[in-house]
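Student: Structure below; questions to follow.
The values are calculated or read from the model by the stated rules, or taken from the named source; none is laboratory data. Fair warning: this is a prediction, and the values are worked out from it, not measured in the lab. Glycine also receives a Cβ, built like all others from the backbone with ideal geometry; neighbour counts cover every protein chain displayed.
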Amino acid sequence: MSFYGLEIARTGIFVNRKGLEVTSHNVANASTPGYTRQVLNVKSVAPASRVGFYDPKFQVGMGADVQNLVQIRDMFLDMQYRNEYSRQGEYEIKADNLNFIESIFNEPSDTGLSSVIDQFFSSLQELSKNPESLTVRALVRQRASALTDTIHKMYKQLEDLQSELNDQIYDRILDINSIAHQIADLNQQIFVLELRGEKANDLRDQRNLLVDKLSKIVDTTAYEDKDGRFIVQIAGGETLVNHFTVYELETDKSKIMRKSSFDSNGLPAGFNPDDPLSQQNLYDVPGLFVVMWKDTGQVLNIKSGELKGLLDMRDGAGGLDESKDENGNFIANIPNSNKFTGIPHYLNRLNEFARKLIEKFNKLHTLGWSLNGQKTGINFFEPPVGQTFFYARYIKVSDDIMNDLNNIATTTDKENLPGGNDLVVKLLKLRNDTSIFREGKFEDFLKSLISNLGVDAQGAKNFAENQKVMVTQLDNRRQALSGVSIDEEMTNLIKYQHGFQASARMINAFDEMLDVLINRLGLVGR
C-alpha cells in the first residue's frame, strides 16, 4: 500500500510542476500581443480494478493526471470583434481622406475657390467703372489667371489623391496574399503538431492575430471544421485559405488594370459602368486596379474594411445623374454602381463648375469688341481641346487675353469704345444668376459642394470614432476572458507551489514508512 501511495504522490508532483510551468508561461506573455491565457485541466485518476486486498471498497484512486492544456477563448467574441474592426478600418480610411479633400478645397479661406471667384468678380466691378484702364484690365487678367490656377490645383490634387489611393489598394492586395500564406503555413504546423498529440496553442495565437489583422483590411470570417481544417473567407464568404491551400488575389498589374481609352473625338472608349473591368468614371486617372481572384478573374464584392474604404473613396461618384450636352456628348456627372461620394464626385463637380464658367463667360464675351476696335468673337477662357469634358483640367484664360490686354471686351457696341461697359455689366450679372446650376449661382454651387463635403467628412469621422469605441469595448471583453491577469496567476503560483511541496512531503512520509517496513521490521529481540 505504501508503494501505491508513492505513485499517488508522484502524480501530484507532476501535475503541480506542470501547473507552475503553465503559470510561468502566462506571466511571461502577459504583454504579448494576441496571446491567449492557457489553463491546465486536471482530472483524478480512477482506481485500477483489483481483487483481494485491493477490493473496491478499499480503493482511493490513483492520484491526478493532466487532461489537457486549453486556451480560454470565445469564438463568438472573436467574430464580433473582427466584424466591427473591419468597419472601423473602412471608416477610418474614409474619414482621413474626406478630411484631406476638405484641406484641398480649403474653405473658408483667402485662397479657397469661393474667395478667388469673389476677387475675380470684384475686379470686373472695377473694370465696369474704368473700362479703358490698362491697369484695371491687368488686374482682371491676373484675377482670372488666379481663378483658373486654383481650379487646376484642386483638380490636380484630387487626381493625385486618386492615384495614391489606387497604389494603396494594390498594397492591400499584396498584404492579403501575404497574410493568407502565413495563415496556411501556420495551419500546416498546427495540424502536424496536433496530429502527434501535442497542443499548438502559441501557434494558434499567431494565427488568430493574423486573422485579426486581415479583418481590418477586408471583411473576414474564420472557422475550424470538425476535421480540424482551418478556413478563412473574405468578401462576403469567398474562400481565401482552405487549410493548406491559398487562393491568391491577382497582383499582375497588367491583368487588373481597368480599360481606359479615348477615341479620335476625345470621347471615352473604355467607359462602361456596368463592367467592373472598364473605366467607371469619365474623369478617372488611368491605371486604376480591380481587386479580383487570380485563378478565376472574378471581381471581389467587398463589404467592409480598409479596402472597401479605399475603393469607395477612389471610385464613388455619389450617384449623380448622367448629363450630356446638346450634341449628346458626355459632359459631367456620370454615375456608376458606387454611390459613395468619393473623389470622382468632386472631380465631376469641379468639371461642371469649370464648364459653366467657360460657357457662360465665353457666350457673352465673344459678343464684345477689343479695346482697339479691331476684332470681336474673342473667348475669355480657352475652350478645352481634344477630350472636351476635362474642363477643370484644361481651363485657362484665352491666349488672346493673355497676350494682349486690349482683347478684354467691355462693350458690344463698337461706337462706345473705349469707355463702354455694357458687356462688363452683363458679365457681372452672371454672379447672381441662379439658373446656372441646380444649386443656383456660382457661390451657391460652391457653398452646396463644401457643405455636403463637410457633412460627409463629419459623418465619416463620427462613424470612425463610434467604431473605435465599439472595437475597444469588444477587445476589453476579449481581454477580460482571454488576457492574462497577473493577480490571478500569482494566486495559481501559490496554489501550485504549495501543492508541489505537499506532494513532496507525502513522498518523504511514505519513504519513512517504507524504511521502517523494510529495514526495521522484525529486528526487535535480536
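Student: Just to be sure I understand the filter: pairs with C-beta atoms under 7 Å, separated by 6 or more residues or on different chains, first member in segment 464-475 and more than 13 Å from Leu77 (Cβ to Cβ), second member hydroxyl-bearing (Ser, Thr, Tyr). Which pairs pass?
Tutor: Sorted first by the residue in segment 464-475, then by its partner, the pairs are Ala464/Tyr91; Gln467/Tyr91.
Student: Which numbered condition in (1) touching a residue at least 24 places away in the same chain (Cβ under 8 Å); (2) out of contact with any strand residue (DSSP E or B) (no Cβ under 6 Å at 6 or more places or on another chain); (3) not assigned by TED's automatic domain parsing to the domain that holds Gln38; (4) not basic (Lys, Arg) is the only one that Asp456 fails?
Tutor: (2)
Student: Here is a list of conditions, (1) part of a loop (DSSP other than H, G, I, E, B); (2) touching a residue at least 24 places away in the same chain (Cβ under 8 Å); (3) among the polar types (S, T, N, Q), and Thr434 meets all of them except one; can you say which number that is?
Tutor: Result: Thr434 passes all but (2).
Student: Let me ask something else. Among the residues of segment 97-104, is any closer than 30 Å to Thr221 by Cβ and assigned by TED's automatic domain parsing to the domain that holds Leu161?
Tutor: Yes, segment 97-104 has at least one match.
Student: Right, Asp475: within 24 Å of Lys213 (Cα to Cα), part of a helix (DSSP H, G or I) and either out of contact with any Cys (no Cβ under 9 Å at 6 or more places or on another chain) or among the small types (Gly, Ala, Ser) (or both) or not?
Tutor: yes
Student: Can you tell me how many residues within segment 227-266 are closer than 23 Å to Tyr81 by Cα and either among the basic types (Lys, Arg) or surrounded by fewer than 20 Cβ atoms within 10 Å (Cβ to Cβ) (or both)? Write out each step before concluding.
Tutor: Kept after step one, since they are closer than 23 Å to Tyr81 by Cα, are these residues of segment 227-266: 228-243.
Subsequent filtering for residues that are either among the basic types (Lys, Arg) or surrounded by fewer than 20 Cβ atoms within 10 Å (Cβ to Cβ) (or both) retains 228-229, 231, 233, 236-239, 242-243.
The qualifying residues number 10.
Student: Within segment 100-108, can one find any residue that is hydroxyl-bearing (Ser, Thr, Tyr), loosely packed, with under 13 Cβ neighbours inside 10 Å and modelled with pLDDT of 85 or more?
Tutor: Looking only at segment 100-108, we keep the residues that are hydroxyl-bearing (Ser, Thr, Tyr), and these are 103.
When the remaining residues are screened for being loosely packed, with under 13 Cβ neighbours inside 10 Å, the result is 103.
Retained after the next criterion (residues that are modelled with pLDDT of 85 or more): 103.
Checking segment 100-108: at least one residue is hydroxyl-bearing (Ser, Thr, Tyr), loosely packed, with under 13 Cβ neighbours inside 10 Å and modelled with pLDDT of 85 or more.
Student: Go through segment 209-230 and give me each residue that's touching a helix residue (DSSP H, G or I) at 6+ places or on another chain (Cβ under 7 Å) and under 19 Å from Leu69 (Cα atoms).
Tutor: Gly228
Student: Please go through segment 89-146 and give me each residue that is assigned to a helix (DSSP H, G or I), among the polar types (S, T, N, Q) and over 31 Å from the mean Cα position of the chain (by Cα), ordered by number.
Tutor: Filtering segment 89-146 down to residues assigned to a helix (DSSP H, G or I) leaves 89-105, 113-129, 134-146.
Keeping just the survivors that are among the polar types (S, T, N, Q) gives 97, 99, 103, 114-115, 119, 122-123, 125, 128, 135, 142, 145.
Within segment 89-146, Ser114, Ser115, Gln119, Ser122, Ser123, Gln125, Ser128, Thr135, Gln142, Ser145 meet the criteria.
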